[in-house]
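Derivation of every value follows stated rules applied to the coordinates shown; laboratory data play no part. Predicted, not measured: the structure shown is a model, and the values here were computed from it. All Cβ positions, even for glycine, are placed from backbone atoms using ideal geometry, and neighbour counts span all protein chains on display.
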Amino acid sequence: MKTQVRLKGRLKVYLQAFLFLGVAMALLTVLIFFIDYKAGFLLSLFVVLYFVVNFLLLYHNKNIILNELISFATQYGQIQKKLLKELDLPHALLDDTGKIIWVNNAFEDVTYQNKCMRKAVNQLFPAVTKDKLPLDRDESEVEIVYDERNFLVKLKKISLREMVENSDIIEADEYEGFLIALYLFDETALKFALQENDDQSLVVGLIYIDNYDEALDSIEEVRRSLLVALIDRKVNKYVASLDGIIKKTEKDKYLVILRKKSLKHLQETKFDILEEIKTVNIGNDMSVTLSIGIGLDGISYSQNYEFARTSIDLALGRGGDQAVVKTMDSLSYYGGKSQVVEKNTRVKARVKAYALREIISAKDKVIVMGHHLTDVDSFGAAIGVYCIAKALQRKTHIVINEVSTSVKPLLDLFTGHQEYESDMFLNSQQAIEAAGANTVLVIVDVNRPSITECPELLKICKSIVVLDHHRQSSEVIENATLSYVEPYASSACEMVAEILQYIGDGIKIRGNEADCLYSGIIIDTNNFVAKTGVRTFEAAAFLRRNGADVTRVRKLFREEASDYKAKAETVRHAEIYRNDYAISICPSTGIESPTIVGAQAANELLDIKGIKASFVLTEYQGRVYISARSIDEVNVHVIMEKLGGGGHMNIAGAQLEDITILQAEETLKRILDSMIQEGDL
């Protein structure tokens with residue numbers, strides 16, 4: 001077999017160099033023969049001797065050289081194999097299905113398994129699933145936790161095509177076989193160091209007392225300083241227990257600096273200071289509540305402070321008594337279980353009214369729109385803004401695309417009447433064409449751009465005003481010239497009715513216009529039952545003085561027999577889930593506005609004894625609408641927020657797309673189960 005082995009490459013050239021030199025000397029000998037016969041004869045003898053000696057050496061040493069080469073290759077391979085086997089880096093080879101075919105000692109030490117051959121890699125590391133293998137790419141990485149240690153798993157594809165092409169027994173045509181090299185990099189120490197560094201990073205917080213003035217007004221004057229001292233002590237002691245720094249910046253505001261590690265404790269306890277502060281009581285009729293805004297993970301401390309400012313504004317906009325944590329990429333909400341405290345002062349309403357008057361007076365045209373599927377409150381508020389704009393002698397349009405059965409009686413009060421322009425109501429396309437650079441867009445009863453009647457108008461109009469009574473979410477209308485969002489208000493119509501009183505001296509509205517505003521308050525408060533405060537009745541009284549007729553409004557909202565039956569059917573088939581929650585599906589066949597019927601049914605279900613919250617699901621126009629209602633024990637806004645919706649603590653809703661109504665019901669139940677398990681309900 002050794003005689004069949006032939007050398008090649010540089011070694012072959014090196015060993016055959018004597019032959020080339022011998023041929024050169026032979027040619028030189030021939031040339032010398034012509035010059036000197038004797039010299040040529042002597043040189044020819046030397047050349048013959050040269051060839052004989054070299055051939056003997058080559059024949060004798062060839063086998064020795066080959067044996068040495070084979071021995072070296074064998075030893076080199078063994079050394080290489082030993083090095084790989086004893087390499088400190090855990091290393092394994094997988095086949096193209098993810099099964100382990102070879103491992104080194106370090107890999108066995110890490111996994112504590114001596115016999116892991118032919119096992120699927122995901123049996124050892126569940127995170128390394130088949131889709132993580134580099135089947136259609138050269139490399140991939142996966143972070144795993146194994147035996148309480150953090151590892152970075154690197155997977156590299158190794159093609160076998162070149163090896164097969166050099167084989168004498170395997171056909172290599174179109175062969176695409178490969179192995180996968182797996183490397184484990186222990187990053188436990190690195191992760192620990194990074195985590196320690198991250199835990200020590202600073203976060204900025206702002207704490208506001210929501211109802212400072214109202215709480216002080218509820219006790220005797222001589223005891224007010226004691227209440228303030230107790231609040232300060234409670235807040236300072238709590239922050240000190242977290243190894244934080246707190247500084248009182250105003251009578252009802254605090255600046256807080258914490259380590260991120262302390263913030264994690266706050267999040268785990270769901271900001272229990274929100275409940276602890278309510279225990280401060282020295283005879284005050286009203287419990288003290290806090291709003292907390294936290295900012296972290298910014299690129300600078302100043303950006304963390306801006307995050308905290310945004311968070312506290314969001315917490316206040318959502319009604320207070322809650323904490324909002326903002327990072328570069330996310331928002332988290334905690335608390336929000338208390339009823340929103342109504343502000344007795346109208347100073348803010350008067351200031352906003354003056355600002356609205358200045359904005360409208362500076363523009364040539366006003367466009368008013370509410371949310372998608374305009375309801376009575378949205379329509380009534382739009383009519384109120386229309387009255388304000390007309391009093392300021394500005395051309396005004398109201399955007400409405402689809403007229404529901406509840407809105408149609410109100411719309412009929414304006415269409416076809418000479419007192420109102422024919423283009424008073426426009427659809428989205430007409431509104432886009434009518435909008436211009438000198439147009440102010442007034443948005444009522446909604447503060448989320450995605451569910452407005454015409455989101456495109458937000459990009460066209462540079463001047464935007466937002467009037468809403470819903471709690472703010474992470475999705476907000478940016479760059480609004482004026483934003484008046486008050487969660488304590490019962491309805492958008494109540495807010496607009498207050499603004500009407502301050503917009504100008506002696507402003508008058510017609511009876512049908514007053515009816516629309518009054519209707520919005522009636523519907524959103526469920527006939528002055530839910531979320532009704534002193535200012536709600538004051539707004540209703542103002543509208544009554546301006547011609548609103550209770551009897552006329554009641555006649556406007558009498559139901560069709562089919563709607564009444566559907567509502568009764570919804571109540572009859574309601575499921576009492578976990579003894580506290582009523583869940584039902586409202587039929588939509590043969591009903592013009594099933595979402596309205598669903599909302600009414602949700603209100604009816606609250607009359608059942610023991611029900612804390614009701615949820616009615618309605619399928620309409622390819623979407624599933626959920627109406628959520630409660631009295632005082634459950635914050636349905638938080639529940640609906642998990643479904644992408646929102647609203648108030650007692651009245652909320654959500655719209656779901658690409659889902660069946662049964663799937664939506666199961667999703668709702670899972671959310672309720674999760675919140676109950678976590679103690680949020």
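Worth pointing out:
- Peptides 538-548, 593-603 ranked from most to least packed by the mean count of surrounding Cβ atoms within 10 Å: 593-603, 538-548.
- Separation in nanometres of the label points that stand 7 Å from Cα toward Cβ, at residue 225 and residue 673: 5.7 nm
- Anisotropy class of the stretch 495-561 from Cα gyration tensor, a/c 1.5 cut: oblate
- When the P(r) is computed for the chain, the part past 40 Å accounts for 53% of the Cα-Cα pairs.
- Largest-first ellipsoid semi-axes for the stretch 363-416, taking √(5λ) over the Cα gyration tensor eigenvalues, angstrom: 20, 12, 9
- Its Cα gyration tensor gives the stretch 404-514 an equivalent ellipsoid, and the semi-axes of that ellipsoid, as √(5λ) in whole Å with the largest first, are 23, 20, 15.
- Within the chain, the selection of entire DSSP H helices by a Cα span of 15 Å or greater along the long axis and an average Kyte-Doolittle value of at least 1.6 returns 17-35.
- Helical content alone sets the calculated 222 nm signal of the chain at -13500 deg cm²/dmol, taking -39,500 (n - 2.57) per DSSP H segment of four or more residues and averaging over every residue.
- Ranking of 41, 34 by count of other Cβ atoms within 10 Å, fewest first: 34, 41
- DSSP bridge analysis restricted to the chain gives an antiparallel fraction near 70%, rounded to the nearest 5.
- By average C-beta atoms within 10 angstrom, highest first, the peptides 230-243, 489-502: 489-502, 230-243
- Take every Cα pair under 8 Å whose residues are at least 6 apart in sequence, average their separation, divide by the length of the stretch 287-340, and the relative contact order is 35 percent.
- Reachable lysines from residue 459, criterion Cα separation under 20 angstrom, eight or more residues apart if same chain: 363, 365
- A protection proxy built from the mean count of other Cβ atoms within 10 Å ranks the segments 283-294, 476-487, most packed first, as 283-294, 476-487.
- Centre-to-centre, using Cα atoms only, the stretch 529-585 and the stretch 313-328 are separated by 30 Å.
- Percent of Cα-Cα distances greater than 27 Å, calculated over the stretch 347-556: 21 percent
- Cα gyration tensor shape for the stretch 201-335, rounded if a/c is under 1.5, else prolate or oblate: prolate
- Descending principal axes extents, the stretch 561-677, alpha-carbon based, whole Å: 39, 33, 22
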